[in-house]
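Undergrad: Next up is a structure, given as structure tokens.
The values are calculated or read from the model by the stated rules, or taken from the named source; none is laboratory data. This structure is a prediction, so every number in the text was calculated from the model and none was measured. Backbone-built Cβ (ideal geometry, glycine too); neighbour counts: all protein chains shown.
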Amino acid sequence: MEKQTLLQYLETVRDLLAMRYVHEQAIRHIGSEYAKLDDRVKNDRYTPFKATPTFQDDGKTPGKGCIAVILIPLIAGGLYAVLDEFLSPSNEFDSGAMSQPMMVVVSIVIAIVTVSLLMFIVNMKEKQDRERAHMEHQRATRHTDEENEQISAQNARAKQADQRRMTLLEESRSMVEQNLAKINAALDRLFANGVLYKDYRDLAAVCSIIQYLSSGRAQTLGESYNLYEDECFKHQIITKLDEVISRLDQIQSTQMELCRTMQSCNRSISSMNSMIDGLNGSMASIAQSEAVTAYNTDCLRRLEDYRQIERTFR
């Protein structure tokens, strides 16, 4: 095979390998987005509902306890005074004046009446406070219920949008997978003629071989293989695509062909991901869906062009 024909063959392989890489990344991105949506839909990971306010009424009246503290000593003191009066040996009864026991009894009665009045006032205030708190609780509960109804409606709309987007993602993945299958089939046909040895059928190797032949550093595939192996052994070139992507600036002068190819791949991947991310299930996403379809149609057209080129290598 002549050098110019060989270069055309290798450039066709390079383009197909680049397209395969872009499609594989797109499928990975679609799978990641679909998994996130699927998890959110299945587990209802949407805006959480607000907790309903609780109202606690244990029926206790702290005021009664305070009043009892006052009442008990008064009664106890009164009884003690009465017993002391009647049991005292010097007890003398003066009919012209109220006796001390009577005074104590009157004091106790007054104390009881006063305490009862205080308890009534405290109970009324506590009742009013409970009623006021109950009304506030009812208002807060109604407000929370209204907010939860809005959240429920909002979550339902979000869930429907996610489900529509999942459908669009499935359709996009199906189109991309169909294209990927055709790309792989085209590569299999190109590799079937045995022009390119199987150990050099990856994007990094093909780009390096194209650079060797184009620059004149090698005249044949055999010389290109040797150069590639030598530079790999000496760690003068990078062959892992993940590492290449993170070090594009460093390989511009040494692996220009691979650098240009990966930069083009990155632009295509970014464009594809943007289109995929725009599939939100709404009417506004129709344009994005059409863009994905247009991209796939363009890929099919390019595949057909490559198919025409394939015939020259048979």
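Undergrad: Being at pLDDT below 65 and surrounded by fewer than 18 Cβ atoms within 10 Å (Cβ to Cβ) narrows it down to one of A284, A294, so name that one.
TA: Residue meeting the stated conditions: A284.
Undergrad: Considering only region 246-264, state which residues are more than 12 Å from Q211 (Cβ to Cβ) and either at pLDDT 80 or above or β-branched (V, I, T) (or both).
TA: M262, Q263, S264
Undergrad: Which of the residues belonging to region 211-248 are hydrophobic (A, V, I, L, M, F, W, C) and over 14 Å from Y197 (Cα atoms)?
TA: L213, A218, L227, C232, F233, I237, I238, L241, V244, I245, L248, listed by residue number.
Undergrad: How many residues does region 219-237 contain that are touching a residue at least 12 places away in the same chain (Cβ under 8 Å) and either among the charged types (D, E, K, R) or under 15 Å from Q263 (Cα atoms) (or both)?
TA: 1
Undergrad: Any residue in region 11-29 that is under 11 Å from I210 (Cβ atoms) and in contact (Cβ under 8 Å) with a residue 12 or more places away in the chain sitting within a Cβ distance under 8 Å of a residue that is buried (at least 18 other Cβ atoms within 10 Å of the Cβ) and of a type in the set (S, T, N, Q)? List the pairs, counting only those 6 or more apart or interchain.
TA: Correct list of pairs: R14/T261.
Undergrad: A further question on this structure: Which residue out of A156, A205, A186 is assigned to a helix (DSSP H, G or I), among the aliphatic types (A, V, I, L, M), modelled with pLDDT of 90 or more and surrounded by 14 or more Cβ atoms within 10 Å (Cβ to Cβ)?
TA: Going through A156, A205, A186 in turn, just one is assigned to a helix (DSSP H, G or I), among the aliphatic types (A, V, I, L, M), modelled with pLDDT of 90 or more and surrounded by 14 or more Cβ atoms within 10 Å (Cβ to Cβ): A205.
Undergrad: Sticking with this one: Could you tell me which numbered condition T239 fails, if it satisfies all but one of (1) at pLDDT 80 or above; (2) surrounded by 13 or more Cβ atoms within 10 Å (Cβ to Cβ)?
TA: Exception for T239: condition (1).
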